[in-house]
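Asks: I have a structure here, written as structure tokens, and I will follow up with some questions on it.
The values are calculated or read from the model by the stated rules, or taken from the named source; none is laboratory data. Remember, it's a predicted structure, so these values are computed and weren't measured experimentally. Positions of Cβ are backbone-derived with ideal geometry, glycine not excepted, and every protein chain shown enters the neighbour counts.
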Amino acid sequence: MIEVEGLTQRYGSYTAVQDLSFLLGAGEVVGFLGPNGAGKTTTLRVLASALAPSSGTVRVGGHDVLREPVAAREVLGYLPERCPLYPELLVEEALDFIARIRGLDPCARREARGRVVDLCGLGEVLGRACGDLSKGFRQRVGIACALIHDPPVLLLDEPTSGLDPHQVREVRALVRALGEERTVLFSSHVLSDVEATCRRVLVLHQGRLIADDALESLERRVRGGAVRFRCAAFADEERARLETLPGVRALRAEPDGGWTVFPEEEVDDLPERLFRFAVAEGLLLTELAPARVTLEDVFLHLTRA
């Protein structure tokens, strides 16, 4: 549904995106990660045909965004980072306005409004002005506007930014539901949002794509055989000896009192070494298991200098 080949986007002498290529199929919910200035928003604007690419080819639903921008816009919905709502319009008026812009006839507008109101949970705020809504409801209205014409492709730029924990949970659930029938590209700085909603991630750094893989595969790459290790009454002396144990590259203290132990390269028997260490030290071993690597670990590993 989304095809990007060799996309480069320049602003004068500054290159925001460099030689970017990726494919998104139907029904995928894909996280789009990267630090500030990585080029995520620029990429989404090109996909939405709000920016003409400096070079490369971008197709949405088979339509070239440069040669067929109107056709490309018809098959996608786009929620920018700053939700563009007229504050004086009632929610129902905002939805009707966007539906008319999208070319829906009166009957189709009524059907579309009912569909997105139910999907986004807006029934209780239809008669309220957009400017009087909470940030969470404004985001929901923005998503509803992006969905009013029932597009197969949805672009979301930081949809949970500024929301409270309850609102974040609601938006995550909505994104997961939308991904059952649509292709969703979901940009976020909140790594837990991507973990909760996506199985695949694209990682952009300094305008270049540095990773495109399933979350599980990225976690395996970064984990590299790391082991969770915890013992009762683990003192500083034992820690010092563990740090010098052959095959141990690094330790990371965990909030629960345990440790994540990272092996040296080519070491594939770290659990056995740690077990023998605990026995030799007379320690009560309470946990010895493969370490779980978070998306934050993946992100920091991939974007480190």
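Asks: Within the stretch 236-265, restricting attention to residues that are in a loop (DSSP other than H, G, I, E, B) and over 20 Å from Ala289 (Cβ atoms), which residue is modelled with the lowest pLDDT?
Replies: In this case the residue turns out to be Glu265.
Asks: For residues in the stretch 266-281 being touching a residue at least 24 places away in the same chain (Cβ under 8 Å) and more than 16 Å from Arg292 (Cβ to Cβ), which is surrounded by the most Cβ atoms within 10 Å (Cβ to Cβ)? Spell out how you get there, then give the answer.
Replies: Quick first cut of the stretch 266-281, residues touching a residue at least 24 places away in the same chain (Cβ under 8 Å) only: 267-268, 270-271, 273-274, 277-278, 281.
Imposing the further condition that a residue be more than 16 Å from Arg292 (Cβ to Cβ) reduces the set to 267-268, 273-274, 277-278, 281.
Working: Val267: 15, Asp268: 9, Arg273: 18, Leu274: 23, Phe277: 19, Ala278: 20, Glu281: 15.
Restricting to residues being touching a residue at least 24 places away in the same chain (Cβ under 8 Å) and more than 16 Å from Arg292 (Cβ to Cβ), the top hit is Leu274.
Asks: If you don't mind, there's one more thing I want to ask. Which of the residues belonging to the stretch 266-305 are in a loop (DSSP other than H, G, I, E, B), among the acidic types (Asp, Glu) and modelled with pLDDT of 85 or more?
Replies: Taking the stretch 266-305 first, the residues in a loop (DSSP other than H, G, I, E, B) are 266-269, 282-283, 291-294, 304-305.
Next, from what is left, pick out any that are among the acidic types (Asp, Glu): 266, 268-269.
Within the stretch 266-305, just Asp269 meets the criteria.
Asks: Would you point out which residue out of Gly162, Gly136 is without any contact (Cβ under 8 Å) to a residue 40 or more places away in the chain, farther than 24 Å from Leu24 by Cα, of a type outside the set (Val, Ile, Thr) and assigned to a helix (DSSP H, G or I)? Walk me through how you get there before you give the answer.
Replies: Numbers: Gly162 fails: assigned to a helix (DSSP H, G or I).
Sole residue among the options that is without any contact (Cβ under 8 Å) to a residue 40 or more places away in the chain, farther than 24 Å from Leu24 by Cα, of a type outside the set (Val, Ile, Thr) and assigned to a helix (DSSP H, G or I): Gly136.
Asks: Can you name the condition, by its number, that Gln167 falls short on among (1) at negative phi; (2) under 26 Å from the mean Cα position of the chain (by Cα); (3) not in a helix (DSSP H, G or I); (4) not small (Gly, Ala, Ser)?
Replies: Gln167 satisfies all of (1) at negative phi; (2) under 26 Å from the mean Cα position of the chain (by Cα); (3) not in a helix (DSSP H, G or I); (4) not small (Gly, Ala, Ser) except (3).
Asks: A follow-up question, please. For the stretch 240-292, which residues satisfy the criterion of being touching a Lys or Arg at 6+ places or on another chain (Cβ under 6 Å) and among the acidic types (Asp, Glu)?
Replies: Glu264, Glu287
Asks: Pairs under 7 Å by beta carbon, first residue under 10 Å from Phe186 (Cβ atoms) in the stretch 28-41, partner of a type in the set (Phe, Trp, Tyr) and assigned to a helix (DSSP H, G or I), six or more apart or different chains?
Replies: Within 7 Å, the pairs are Leu33/Phe299.
Asks: Condition first: under 20 Å from Thr43 (Cβ atoms), modelled with pLDDT under 90 and not aliphatic (A, V, I, L, M). Can you find one or more residues in the stretch 213-231 that meet it?
Replies: yes
Asks: Let me ask something else. Quick one: Gly12 ticks every box in (1) at pLDDT 95 or above; (2) more than 27 Å from Arg172 (Cβ to Cβ); (3) surrounded by fewer than 22 Cβ atoms within 10 Å (Cβ to Cβ) bar one, so which box is it?
Replies: (1)
One line per residue, one yes/no per condition, for (1) surrounded by 15 or more Cβ atoms within 10 Å (Cβ to Cβ); (2) assigned to a strand (DSSP E or B):
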site: Arg45; (1), (2): yes, no
site: Ala52; (1), (2): no, no
site: Gly56; (1), (2): yes, yes
site: Arg67; (1), (2): no, no
site: Val70; (1), (2): no, no
site: Gly77; (1), (2): yes, yes
site: Cys83; (1), (2): yes, no
site: Tyr86; (1), (2): no, no
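Asks: Search the stretch 108-120 for residues that are touching a residue at least 40 places away in the same chain (Cβ under 8 Å) and pair each with any residue that is part of a helix (DSSP H, G or I) when their beta-carbon atoms are under 6 Å apart and the residues are at least 6 apart or on different chains.
Replies: Cys120/Arg140; Cys120/Ile143; Cys120/Ala144
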